[in-house]
1. So what's the convex hull volume per residue for the Cα atoms of segment B:196-249, in Å³?
2. What translational diffusion coefficient, in µm²/s and rounded to a whole number, does the Stokes-Einstein relation yield for the protein assembly as shown at 10 °C and a viscosity of 1.306 mPa s, taking the hydrodynamic radius as the Kirkwood radius over Cα pairs?
3. Give the peptides B:266-277, A:153-164 in descending order of average Cβ contacts within 10 Å, highest first.
4. Kindly provide the Kirkwood hydrodynamic radius of segment A:195-335 in Å, to one decimal, from all pairs of distinct alpha carbon atoms.
5. Under the rule of -39500 (n - 2.57) per DSSP H run of 4 or more residues, summed and divided by the residues of chain A, what mean residue ellipticity at 222 nm is obtained, to the nearest 500 deg cm²/dmol?
6. Inside 10 Å of the C-beta atoms of B:175-181, what's the mean count of C-beta atoms belonging to other chains?
7. Cα extents of segment B:184-277 along the three principal axes, largest first, in whole Å?
8. Partner chain Cβ atoms within 10 Å, averaged over the residues of B:288-298 - can you pull that number for me?
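Any read-out appearing in this document is the output of simple, stated calculations on the displayed coordinates, not a laboratory observation. The structure displayed is predicted, hence computed values, not measured ones. Don't worry about glycine lacking a Cβ; one is built from the backbone with ideal geometry, like all the others, and counts go over all protein chains shown.
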C-alpha cells in the first residue's frame, strides 16, 4: 500500500506536466507524412509544451475530418473541389508546404538507357492505344535506343492516392481523350492495365513484369534507386524529375489567392511537368482560439525553418516567392 | 441447425410407446418414477447443504453467459444496421441494380458491384479447390500414417503457415509466385487446359489464379488443423472394427475415419471459406485490381474486400463513400448466403443427423 502511494506520488508531477501540454491533432495525406513528422517532432523539441499528432489516413479522410471538425487541421495531396468547399461548414485555407513529383518507371528487357516519354506516348500507353514497345511514336522520341518487340503492360495504383491524382491530372491536361474517358481523381476507371497497392506494389509489379510501365512517387524512386524516364515538358525539353526541376515547376505558374492550383504541365523551361503541391488545410476561424494561435505559429515555422529540412528527406521545397505568399496568407486569413 | 432435429429423433419413438402405457400406469410408474425421485432428492440435498447465498453467483454466472450469447447476435444486427444506414445514398441512387452493375467509375459517380462479387466468389472457390484436398491429405497423413516422431513437426509447420502475416504472403506473391505463374505454371496450364477457356489470354503472373493460390496457402492451416482434430476424435474402435472386417488401410481411412468425420471436415472447410472471402491484403497485392469480369483465370480481377481497402481512405464524394459501404453490405450478404448454402450442404449430406465426430 505504501509502495503504491509512493509510485502515485512520483507519477503525479509527470501527469501535471503532460496536462500542461497542448496537443494539436491533424490527419490527412500520407505522401508528406515523413516530412510532417520530422517537422512536428523538431517543433516539439523547440516548444516542449506543444505536441502535434498527425495521422496519415489519406487525403480524402483528411478532408472529411477537417470538415467535420474532428481534427485541428487536415492535409491533402489534391486541393478540395468547389463542391467540397461549398458543402463544408468549416472554412479552410490551403497552405502549400512542399512539392512532390510522379515519375514513369519501366521494365523493358534489353533496354538499360533512360527512356524519354512525350505526352502523346504516355497518354497513348495509358489509354491502351500504344500496346507494343516497338511502336513508332516511342522510337521517334528515343532515336538512340533499340526497343524489343514486347507487349506493354500498364501498372497503376490500385489504392486511391494523391499520386494517381497528379498522374491523371497531367494526362487530362495533355490528352483530351483521357480527360473525356477516365478523367482525374484519386482513383479512376483505368482503360488498361493492372493495379498494384502503394508505391511498393507498383514498383514490385514493374520489377517482376517484363514490358511493364507504371508511375511512382519521385521520393520512392530516389530512395529505392529505381531508374525512371524523363518527360517532355510544355516548352519542348525533356526533363528528368529531380528536386530542382520539381521546385521549378512551381515557379512558372500564376498563383491564385486560395493556393488551389494544379502545376502539372507547367510552362517553365526547366520544369518537370508531373508535379504538384501538397497542402495543409487550416481552419480560418477555429473554435478554440488558443489552439488556433498555436497552429498558426506552427505553420509559419514550417514555411520558414521547415522548408530547409525538406531536401534532406527528398522533398522539393517551395520556391521562395510561394513560401512568402503562403506566410502572408496565413498571417492575414487565420484568425 | 443440426441441434433442431436432434431432440425430435428420440422423442418420436417415445410418444407412441407412452400411449399404451396409460392403460397400465403402475408398471410405467414403477419403471420411470424412482429414477426421477432419486435425482430430485440428490439435488435437493445438495441445495440444503449449501448456504442460500451461494445460489447468487450461480444466477450471476447464468446471466453473464446469457449476455455473451446475446452479444454476438447484437453485434451482427448492429453491423448490418450500420451498413444499411451508411449506404442509404447509394441504395437510393442505384437500387438493386448496384449488385449487377458492371461499371465502377468514381470520376463519373457510376458504381456497380458485380465484378467485385464475381472476383470474391471465384478467387475463394479456387482457393478451396486447391486447399481442401491438400489439407485433408495433410490431416489424414498426420493422424493415420505419419511416424509418431514426425507428427508434431508437421503439425507445427502447418500451424506456422497460419501465423505468417498476410502482407508477407502478398509480397511473396508478387516477387516469387507471380513470376513462377508467368514463366512455368501459366504456359503449362494454357497448353494443357487452354481449350476450356479458363486459361487463355496474356499471362501477367498476377491475376485471379495467383490470388487463388495465395489464398489456398492461407486457408490450408485452418482446414487441416480442424480436420486433424476431428480425425483424432474418431474412436479407435471404429478403425479396429473396419480393419477386423477385412478392409485395407485405404478402405479403413475412407469408411472408418473420413465417413465418420465428414461433418467436422465440412465445418473446417466453411471456416476456411470465411477466411478466403474476407481476405484482403495478400489478395489485393496479387489479384491485379481490375474491376472486370473475365472468364480466364490469368486475367486480373478484383475482390470486395480489396476495393474497400484500396479506395476507402481516399474516397471523397458522398455517393462514392456510400457505394463503398454498400460493397461492404454486399460482402456481408454474400458471406451470409454462402454460409447458409454450406450449412444446407452439410444438412443434405447427413440427412439431419449429426455425425459421431462432430467435435
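1. On the way: hull volume 6.8 nm³, N = 54.
Normalising the Cα hull of segment B:196-249 by residue number yields 126 Å³.
2. Numbers: Rh = 29.9 Å.
Using the Kirkwood radius from Cα pairs, D works out to 53 µm²/s.
3. Values: B:266-277: 21.7, A:153-164: 26.5.
The densest-packed peptide leads the list: A:153-164, B:266-277.
4. 17.1
5. Working: 14 runs with 139 residues, N = 335.
Per the formula, -12000 deg cm²/dmol.
6. Across B:175-181, the average partner-chain Cβ count within 10 Å equals 2.
7. The Cα atoms of segment B:184-277 stretch 55, 29, 18 Å along the principal axes, largest first.
8. Working: counts 7, 12, 7, 3, 0, 0, 0, 0, 0, 0, 0.
The shielding value for this peptide is 3.
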